[in-house]
Amino acid sequence: MSPQIFDHISASKILQALLVVLVILALVRLSDKALDALARKAPRARFFFKAAAPVARFGLWLGGALLILTAVIAPTAQTLWAVLTAAGVALGFGAQDLVKNIIGGLVVLIDRPYQLGDRVRIGDAYGEIDHIGLRSTRLTTADEVRVTIPNSEVLSGMTWNANSGALDTEVVTELYLPPDSDPDAAAEVGYEAAYTSPYVLLAKPIRVLLEDRFHQSPFLLVRVKAYVYDHRYEPALKSDITLRAKRELLRRGMLAGWREAAASARD
């Protein structure tokens, strides 16, 4: 490495660079808190403020890096080229995964396969995106488990987005009935369970699909498709539909076939 690289580095410049990093870090945290507060105060515009957070974070860090490079260190063109070459070689040998993750983070910011607040499945993880960084994405599942996913998986894997920036999303609730259940009654129970739920968005259609299935024994699968007015209540809507439907099915005696099937299996 050329000694000219170190000619532009001194103790005072190192301290100035550290000061810039601390200021940028404070600004990043301040912007995250401010945008989160705005999102809480204006639920209708929540996705706009959440989408602005990673962009602001990236812009602040990029601006800080440029400030350190141009104003604090201020190298000559030849020295700058030598630094970039050395950094490229170092990254090529020792930080390939980091580079892939950063590229993946840039892809997320530009292509926007998901944004903060979306309900997304990446690999085996499904939940709400609550952090998008240059290195990784974090989501929280319905069981309040925080999952960290390297951004490189966005480049090589598949991503399923349930709402794509919209406040509402479709929720599919599956009910399992004995194979000899009355299909009209089953469809009626499923529809009424969704229609009467306080979480359902009635401005969008409710659909009930029936299908005969077989797994060790035959059964009737009832799939209730309804929209929740806020995707954060997706688990609540699914649970509420299941609760209402099962109460009615038990009241009508439509689940008695399961007991008969279990009794015959024991005999």
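If you roll a 1.4 angstrom probe over the protein chains with everything in place, what fraction of the accessible area of the stretch 124-267 belongs to carbon and sulfur, to the nearest %? Using a 1.4 Å probe with all protein chains present, the stretch 124-267 comes out at 50 percent carbon and sulfur. When each of the peptides 19-29, 215-225 is scored by the mean number of other C-beta atoms lying within 10 Å of its residues, the order from highest to lowest reads 215-225, 19-29.
The label-point distance for residue 239 and residue 182, in a model that sets each label 7 Å from Cα toward Cβ, rounds to 3.1 nm.
Give the calculated FRET efficiency between residue 145 and residue 66 to the nearest 0.05, with a Förster radius of 35 Å applied to their Cβ-Cβ distance. About 0.40, to the nearest 0.05. So what is the relative contact order for the stretch 132-267, in percent, with contacts set as C-alpha pairs under 8 Å and at least six apart? Computed over the stretch 132-267, the figure is 26 percent.
At a probe radius of 1.4 angstrom, the accessible area of the stretch 112-155 per residue rounds to 46 square angstrom. Computed from the C-beta positions of residue 29 and residue 217 and an R0 of 41 Å, the FRET efficiency is 0.15 to the nearest 0.05. If R0 is taken as 35 Å, the Cβ-Cβ distance between residue 55 and residue 156 corresponds to a FRET efficiency of 0.90.
In Å², what does the accessible area per residue of the stretch 219-262 work out to with a 1.4 Å probe?
Details: 2290 Å² over 44 residues.
In whole numbers, the stretch 219-262 has 52 Å² accessible per residue.
Here the label points at residue 209 and residue 12, each 7 Å from Cα along the C-beta direction, are separated by 7.1 nm in the simple model.
When all protein chains stay in place and ligands, DNA and RNA are ignored, the 1.4 Å accessible-area order of 41, 238, 100, largest first, is 41, 100, 238.
The values are calculated or read from the model by the stated rules, or taken from the named source; none is laboratory data. Quick caveat, the model's predicted, so the values are computed rather than measured. Cβ: placed from backbone, ideal geometry, glycine included. Neighbour counts: every protein chain shown. All accessible areas refer to the heavy atoms of the entire protein, side chains included, with ligands and DNA or RNA removed. Shrake-Rupley method; radii C 1.70, N 1.55, O 1.52, S 1.80 Å.
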